[in-house]
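These notes are about the structure you will find just below.
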Amino acid sequence: MNRSETDPVGLERFLEHLQAVNRYVRAGLFGEPHRRPTRVQWMILRKLQRTGGCSVGQLAQRVDVGPSAMSQMLDRLERMGWIQREPDPLDARGRRVRLTPVGEEVVRSVEREWIERLSVPFSRLEPEEQRMLLELMDRLVHFVREEGR
């Protein structure tokens, strides 16, 4: 099989494996009121953490909802103390959204729990297997990003 050919059965298995690992890592970590974000809230918080802040429109696009629905989601996150909205210096009518220190800690806390949870099964791989897996995933992510351009 050359590089341009793909094995559909292999790709399906790969996706199933990714989903299984994702479900394992996320199990029990979402949706506890006032303690953990929902999955959609998590998408918003991670986007803000990665970008350092963005517009309501950018967040709405990321979650695939309208600006009005996003504003309602942000109202709740703001009441929880996880985000704050401020005037956009580039758009007098726009608002920028960013994480508060409490929101930053929520993100760090969930990520720590994910790493802790995944460390047990990951440690069952031999060190060389761990290195190979990470190397292959790095390459795959690189190719995915190239395709996304």
How far apart, in nanometres, would the label points at Arg36 and Glu105 be if each is projected 7 angstrom from Cα along the Cα-to-Cβ direction? 1.9 nm
So, with +1 on the Cβ of K and R and -1 on the Cβ of D and E, and no other charges, what is the size of the charge dipole of the chain about its Cα centre, to the nearest 20 debye? 640 debye
Stretch gain in nm, segment Glu146-Ala27, where the contour uses 0.36 nm per residue and the Cα spacing is subtracted: 39.7 nm
What is the Cα convex hull volume of the chain when expressed per residue in Å³? 157 Å³
The chain - mean residue ellipticity at 222 nm from DSSP helices (-39,500 (n - 2.57) per run, n ≥ 4, rounded to 500): -22000 deg cm²/dmol
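No value in this document is a laboratory result; all are computed from the given coordinates. Quick caveat, the model's predicted, so the values are computed rather than measured. Methodologically, a virtual Cβ is constructed for each residue, glycine included, from the backbone with ideal geometry; neighbour enumeration extends over all protein chains shown.
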